[in-house]
Amino acid sequence: MKMKFHRLAILIFCLPWMPAPAAPLAVGDALPALVAKDQFGKDFTLNTNIQFLLVVTEMACAKAANKKLAEQGAGFLELHHAACLMDIHAMPAVARFFALPKMRKYPHRIGLVDSAGTLAGFPVQPGRVTVLALTPTGHIQAISYWNPASEPVAGCFQPSPVLRQALTNGCVQCKKIIIAVKDVKLE
C-alpha cells in the first residue's frame with residue numbers, strides 16, 4: 001500500500017512539468033522552423049517568397065502529388081510561390097536507396113523531412129496533401145487539403161477567403177499579388 005501511494009504521489013507531482021502534446025498548427029500560428037534537405041542533399045529552407053507550403057505525409061499520396069507536379073513542368077512551384085515538403089522519416093533505408101534516385105528526376109524540388117517530430121504538429125487528413133497558405137511573415141493564413149489522386153493541382157493555389165473578399169472589394173495591392181498566380185479563378 002505504501003509503495004502504491006509513493007508512486008501515485010510522484011506521478012501527481014511530476015504531471016504538471018511533463019510536456020503536453022503539441023497542438024496542431026492553426027490559422028494565425030507562425031510556421032515553425034524546419035530543417036530539411038532536398039532530394040539532391042542540399043539544404044532546404046523556406047524564404048519569405050513562399051506563399052503556399054504543400055506537406056505530404058503518406059507514400060501513396062506523395063506518389064500521386066509528385067506525378068501531378070511533374071506533369072506541370074519545371075518552375076511550376078516557383079511560379080506559384082510554393083514549396084513541397086515530404087515526410088520520409090519512416091521510410092526504410094532500402095526503400096530510400098531506390099526512391100531518392102527516382103525523386104531526383106522530378107522537375108520540382110522536394111524538401112525531405114527525416115525527423116519524426118518535425119511535422120508532428122502539422123494538420124493532416126488521410127490521402128490528402130496539406131496546403132498551408134502563408135503570409136509574408138510566415139504565419140498560416142489558411143489551411144486546405146488537396147487530393148492529388150482526383151483534384152487538379154491548380155486548386156491548391158487559390159486565394160484564401162480573406163484575400164478573395166479583399167479582391168471583390170477592389171483591393172489594388174491584392175490584385176497585384178494575384179496577377180503573379182497563374183490560373184486563379186475567383187468564385
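The values are calculated or read from the model by the stated rules, or taken from the named source; none is laboratory data. Everything numeric in this text was worked out from a predicted model, so none of it was measured. In this analysis, Cβ positions are derived from the backbone assuming ideal geometry, glycine residues included, and neighbour counts consider all displayed protein chains.
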Review point. Considering only the stretch 78-103, how many residues are out of contact with any strand residue (DSSP E or B) (no Cβ under 6 Å at 6 or more places or on another chain) and modelled with pLDDT of 85 or more?
Key: 4
Review point. Given the structure, is Ala90 among the aliphatic types (A, V, I, L, M) and either in a loop (DSSP other than H, G, I, E, B) or more than 16 Å from Tyr106 (Cα to Cα) (or both)?
Key: yes
Check your understanding: Could we say that Thr48 is under 19 Å from Val153 (Cα atoms), among the hydroxyl-bearing types (Ser, Thr, Tyr) and touching a residue at least 12 places away in the same chain (Cβ under 8 Å) here?
Key -> no
Revision key, fill the gap. The lone condition Met86 fails out of (1) within 21 Å of Gln158 (Cα to Cα); (2) surrounded by 14 or more Cβ atoms within 10 Å (Cβ to Cβ) is (1)
